[in-house]
Amino acid sequence: KRFETEILPAYEKYVRENFQNIDDYSFIYLDADYIPELVVRGQFLMDGNLVCTYADGVVGLRTGLGSIGYLERKNLLLYPRYHMGYYEDNVYSINNGKFICVGSGTYEDNIEDESSDYFRYSWNSVEVSQEEYKNKLSNLIGNNSMNSGQFISGHTIREAYAKFKAIKGM
């Protein structure tokens, strides 16, 4: 009941004030609490996504280009980004009501040194090999697909929540 009277209106207000060009809304269980997170998908690729959580108010994480993936109730959100030969894998968790980056890797075209790997890799700003990069990402997310949970979407926040509630048996 608290969700519908307090949290849902707070999500609506936060989105109204912080995001435009909305394509759809989804609810997911990112962490293990009873409060689902709201995912707002932008209408255009450049709009990105907005992921909102609630803990004494709404906190949002704005993502840019690319999609997001998550492990349901494992508190892991993967936000990959890419732009013209530059790639990132950022992994976030919710900690004390805030989104915290728990790991960040990049790889980019390595056109200066043709004798080495095609990409130059780094993890948390430290240069690593491709194998080390894959191991560090795997240590965070395991061998799981980051889309283990489904995005249950609707054209309005209330419609998305009604669908989420019905599917999750709430």
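The values are calculated or read from the model by the stated rules, or taken from the named source; none is laboratory data. All values reported here derive from a predicted model rather than from experimental measurement. Positions of Cβ are backbone-derived with ideal geometry, glycine not excepted, and every protein chain shown enters the neighbour counts. Protein only, heavy atoms only, side chains kept; ligands, DNA and RNA dropped before computing areas. Shrake-Rupley method; radii C 1.70, N 1.55, O 1.52, S 1.80 Å.
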Estimated FRET transfer efficiency when R0 is 22 angstrom, pair Asn110-Ser138 (beta carbons, to 0.05): 0.50
Thr63 long-range amide H proximity, modeled H, under 5 Å: Asn49, Leu50, Val51
Cross-link table Lys134/Lys168; Lys136/Lys163; Lys1/Lys74; Lys98/Lys136; Lys13/Lys163, entries beyond 26 Å C-alpha to C-alpha: Lys134/Lys168; Lys136/Lys163
Apportionment of accessible area to carbon and sulfur, segment 1-112, percent (1.4 Å): 49
Global size of the chain as Cα Rg and Dmax, reported in angstrom: 17.5, 62
Total formal charge among the other residues, if their Cβ is under 14 angstrom from that of Tyr54, Lys/Arg +1 and Asp/Glu -1: -4
Karplus-derived HN-Hα couplings along segment 130-136 (A = 6.51, B = -1.76, C = 1.60, θ = phi - 60°), whole Hz, x at Gly and Pro: 4, 5, 4, 4, 4, 5, 5
Residue-by-residue Karplus 3J(HN,Hα) for segment 15-32, coefficients 6.51, -1.76, 1.60, Hz, glycine and proline x: 5, 4, 8, 10, 8, 10, 6, 8, 8, 7, 10, 9, 10, 9, 9, 8, 9, 8
FRET efficiency for Gln130 and Leu45, using Cβ-Cβ distance with R0 set to 25 Å, rounded to 0.05: 0.35
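Please work out the average accessible area per residue across segment 2-160, using the 1.4 Å probe convention, and give it in Å².
Working: 8680 Å² over 159 residues.
Computed with neighbouring chains in place, this is 55 Å² per residue.
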Long-range HN-HN contacts of Ile22 with modeled amide H, under 5 Å: Gln43
q = 0.32 Å⁻¹: log10 I(q)/I(0) that the Debye formula gives for segment 18-68, counting C-alpha atoms only: -1.27
Loop-exposed chymotrypsin sites (Phe, Trp or Tyr not before Pro) per DSSP, neighbour cap 13 Cβ within 10 angstrom, longest uninterrupted part of the chain: 45-117
20 Å cut-off, amide nitrogen to a point 7 angstrom out along Asn21 Cα→Cβ, residues in segment 33-51: 39-51
Amide H within-cut-off set for Tyr70, under 5 Å, with H built and near neighbours excluded: Leu78, Asn147, Ser148, Gly149
Mean separation of Cα contacts under 8 Å (6+ apart) over length of the chain, as relative contact order %: 19
Computed helical MRE - 222 nm, the chain, DSSP H runs ≥ 4 contributing -39500 (n - 2.57), nearest 500: -6500 deg cm²/dmol
Met84 versus Val102: modelled label distance in nm, points set 7 Å from Cα along the beta carbon direction: 3.4
Exposed GluC sites (Glu not before Pro) absent - longest run of the chain, DSSP non-H/G/I/E/B, at most 10 other C-beta within 10 Å: 1-111
HN-Hα J in Hz across segment 78-83 - Karplus 6.51, -1.76, 1.60, θ = phi - 60°, x for Gly and Pro: 9, 10, x, 9, 8, 6
